[in-house]
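In what follows, a single structure is set out as structure tokens and then discussed.
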Amino acid sequence: TKSMERNLEKIIDFSVNSVIIRYCMDKMYKNASAQTAELKKLQTYPKVVGVKQIRKALNAGRARWVLLARNADPAMTEPLAQQCLDSGVPFTWISDMRTLGRACGIAVGAAAAAAVAADSVLPGKPEE
């Protein structure tokens with residue numbers, strides 16, 4: 001009976017772990033899908049790239065939403081996230097700087113990017 005109890009415990013542990021793994025994988029898939037949608041949406045709007053440019057856009061009321069890279073220096077992204085909260089501008093965390101940089105059409109990683117109003121791209125400054 002001891003071996004039957006151990007086998008039963010293993011089956012229960014396996015079942016619980018399977019449910020947890022399925023839940024986590026489902027959550028990761030949904031997060032990846034949401035991230036992909038946000039990056040595609042960003043590609044269709046005028047945008048600014050970089051913490052300084054986004055800070056200026058937020059101060060001027062031009063930023064519509066902001067994307068922040070999770071692996072960027074928190075000393076740069078956390079104050080920007082707080083400024084978004086203070087300004088009422090939605091922001092989303094993206095998995096990494098390289099992915100965000102590619103979505104912005106640049107060859108290097110980006111810590112942050114923001115969609116801006118179509119009429120608010122600064123004259124004389126190319127859209128990044």
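Here are the numbers for this structure:
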item: Subset of segment 36-53 [among the polar types (S, T, N, Q) and surrounded by fewer than 15 Cβ atoms within 10 Å (Cβ to Cβ)]; result: THR36, GLN43, THR44
item: Among residues of segment 11-56, those that are modelled with pLDDT of 70 or more and not aliphatic (A, V, I, L, M), counted; result: 16
item: All positions within segment 98-114 that are part of a helix (DSSP H, G or I) and open to solvent by less than 60 Å² (accessible area, probe 1.4 Å); result: THR99, LEU100, GLY101, ALA103
item: Of residues in segment 54-95 being in contact with a strand residue (DSSP E or B) (Cβ under 6 Å, 6 or more places away or on another chain) and in a loop (DSSP other than H, G, I, E, B), the one most open to solvent (accessible area, probe 1.4 Å); result: ARG70
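The values are calculated or read from the model by the stated rules, or taken from the named source; none is laboratory data. None of the values given here were measured: they were computed from a predicted structure. Note: ideal-geometry Cβ built from the backbone for every residue, glycine included; neighbour counts use all protein chains shown. When the accessible area is computed, the model is the full protein with side chains, heavy atoms only, and any ligands, DNA or RNA have been set aside. Shrake-Rupley method; radii C 1.70, N 1.55, O 1.52, S 1.80 Å.
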